[in-house]
Amino acid sequence: MQNPPRLHAIVPLLAVLAALAPLSLAATPSTHAQLVQFFKEWREFQHPAMVDGVPDYSATAMKKQYAALTEWRKRLESFDLAGWTTADKADYNLIRAEMNGLEFDHRVLRPWAKAPFFYRTVFDSESDTPLHEGPHVYGALDLWRYKLPLAPADANFVHAKLVAIPKLLAQAKVNLAEPSHDLWTLGIWFKRGEAQTLVGLAQETAASNPEVSSAARAAARSVDEFRAWLETGLAKAPAGKPLGIAEYNWQLENVQLTTQTWQSLMQAMQRELARSLASLQLVRNRNRALPELRLPGSLEELNRRNDEAIGEYLSFMKRQEIFTVPDYMNLDRLRPVKRLVAPEALDIFTNVEYRDSLPMKCHMVHWLEKQRLDHEPHPSLIRSSRPLYNIWSGRSEGFATAWEEAMMQAGLLDARPRAQELIHIMTAVRAIRGIADLKFHSGEFTLEQAMKYVFETAPNGWFNPKGSTIWVDLGIYAHQPGYGTTYLAGKLDFDKLIADSAAAHPGQFRMRTFMDEFFSKGVVPMSLIRWEMTGKTDEARALGLRQ
């Protein structure tokens, strides 16, 4: 008669003991659904805590986050992948790459302690890539998302973000304990632009949203004061230690998931530079009897050229069955021109755009891809959430670059022989920037030497020393190792994927079928896409991916 009370007392005790049981005694996670839940928790952990509207990148907070990473790795490694599809395994390895990205930030890059560039306060324009290029603080203000005059809810949100800017920069002064001359030089340039953006916002909202306007002016003053602080410290900032080839290779393999190395990339960049410059001369010789491409005489002419190029581009995609063009695709995003720039102010890509609008439309497949990401998100939350640490760069930038030459080979520019010269010029520029990236991180180039190399090597001198492109490009590459090489490295991967796919289906390869499947895999590393599309495991094995 005494047994029931004893059982009644033991049951809750067993529940408590089960809850306290070590992870090793718990059931091994083994489903993709569990991986998705783990991913949600991981993303919450990955970003810093918000304190009074400001992300906490203090030394104490970062030390705590890094210490916790070991347990997150153990949880991920505990998954049993037996019976999983290749797609599900790719998702798993994508999370592992993000963990490697966080490790690399803590162990090597330490952007919160080294890079003023990291403390971006506002982005006034949308990136054409899945997420912003290069590292930046969590929760920065994406001003381009909002229309003026601001709606009440938007005004409140923007106002809160602006009020947090002086507090963020006050924290940055404490956190930036490892200065380097080149990174601070870049930070000074970017802060000048941010202040101008904030002043512009203050002016545009003065009548409609006075509280936002006042906060924007205060934020601009804090950015200017922070820039002055950087300028004072620049004189005594040491040169800084380069990343080094070993760490560059670690990041390529473990974060970007590419089998390329610093050494192989240098060979590839040099080969592509020679090939593109030689091709340029051969095409120019073929075109020698044709008139040179001329600059537009007015904004109206430039816009007309843009409209004609967009129409021709869309018609070609459909006529040649290149890929399925869904009805939701808005080609207005391919019309970037808002004003006519004087010839002496043209930079590398405006020099291309102003001579023939069609080649740049190929690279602007970026914008069509972003629409696809919004309208047709990948079924897996892990991929549709867009990978962190620019893990998408080889796929996004590499494909957009590959698309330029691919469309030329497919016949898009057959009636525009002079425009074909522009394709080779852009390829050369990507190789030049890749070499600058590689040599900056190996320590062979300082920032100044990298800029000088780009200016002196670019065809026709089209990289403008007074323009912003060089600063934006090298600003990204200096803070995100390998980004400058992804344009051509990703292009080579895309070429290999086409070749592998065609070899697997002799005589049956269809571009539209291939491209539609390619798009369906999401914007993730090309090694994962190749593994999933072809079944080839050589790269997965070389990278040590879990299979």
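Every number in this text was worked out from the coordinates using simple rules, so none of it is lab data. Source: prediction; values computed, not measured. Reconstructed Cβ throughout: ideal geometry from the backbone, glycine too, with neighbour counts over all protein chains shown.
Observations, loosely collected:
- Scoring 260-269, 456-465 by mean Cβ neighbours within 10 Å over their residues and listing the highest first yields 260-269, 456-465.
- Protection proxy ranking for 433-441, 360-368, 241-249, using the average of other Cβ atoms within 10 Å per residue and placing the highest first: 433-441, 360-368, 241-249.
- Rg then Dmax, both in Å and based on the Cα atoms of the stretch 339-478: 16.8, 48.
- Packing around the peptides 178-187, 371-380, taken as the average count of other Cβ atoms within 10 Å per residue, puts them in this order, highest first: 178-187, 371-380.
- Size descriptors for the stretch 104-226: radius of gyration and Dmax over Cα atoms are 14.7, 48 Å.
- Restricting the chymotrypsin sites (Phe, Trp or Tyr not before Pro) of the stretch 264-343 to loop positions (DSSP other than H, G, I, E, B) with no more than 14 neighbouring Cβ atoms within 10 Å leaves Tyr328.
- Trypsin sites (Lys or Arg not before Pro) restricted to the stretch 193-268 and DSSP loop, no more than 13 other C-beta within 10 Å: Lys236
- Taken over the stretch 277-335, the ratio of Cα radius of gyration to 2.2 N^0.38 Å equals 1.53.
- For the stretch 187-210 versus the stretch 492-522, the gap between their alpha-carbon centres in whole angstrom: 46 Å
- Simple point charges give the picture: +1 on the Cβ of Lys and Arg, -1 on the Cβ of Asp and Glu, and for the chain a dipole about the Cα centre of about 460 debye.
- Degrees, to the nearest 10: 181-205 long Cα axis against longest axis of the chain: 90 degrees
- When the pairs Lys114/Lys466; Lys191/Lys338; Lys318/Lys496; Lys496/Lys521; Lys161/Lys236 are compared against a 22 Å limit on Cα-Cα distance, Lys114/Lys466; Lys191/Lys338; Lys318/Lys496; Lys161/Lys236 fall above it.
- The Cα atoms of the stretch 29-114 cover 43, 27, 19 Å along the three principal axes, with the biggest extent listed first.
- The stretch 332-398 and the stretch 219-262: distance between their alpha carbon centers, rounded to Å: 25 Å
- On the principal axes of its alpha carbon atoms, the chain extends 108, 64, 48 Å, with the longest extent given first.
- In summary, the convex hull built on the alpha carbon positions of the stretch 421-547 has an orientation-averaged projected area of 10.1 nm².
- Restricting the stretch 261-338 to trypsin sites (Lys or Arg not before Pro) in coil, as DSSP defines it, with at most 16 other Cβ within 10 Å: Arg288, Arg294, Lys338
- Fraction of the pair-distance distribution of the stretch 190-328 above 26 Å, Cα-Cα pairs, percent: 71 percent
- Only aspartates and glutamates eight or more places from Lys491 in sequence, or on another chain, were considered; those with a Cα closer than 15 Å are Glu272, Glu397, Glu404, Glu405, Asp500.
- Equivalent ellipsoid semi-axes, the stretch 159-245, via Cα gyration tensor eigenvalues times 5, rooted, Å: 30, 12, 10
- Relative contact order for the chain, counting Cα pairs under 8 Å that sit 6 or more residues apart, in percent: 18 percent
- Note on the stretch 245-542: Cα convex hull, mean projected area over all directions, 15.9 nm².
- Using the Cβ of Thr86 as centre and a radius below 11 Å, the other residues enclosed give a net charge of +1, where K and R count +1 and D and E count -1.
- For the chain, the longest principal axis of the Cα atoms and the long axis of helix 59-77 meet at an angle of about 80 degrees.
- Helix 262-286 axis versus longest C-alpha principal axis of the chain: approximately 20°, rounded to the nearest ten.
- 14 Å beta-carbon shell around Asn254, net charge (K/R +1, D/E -1): -2
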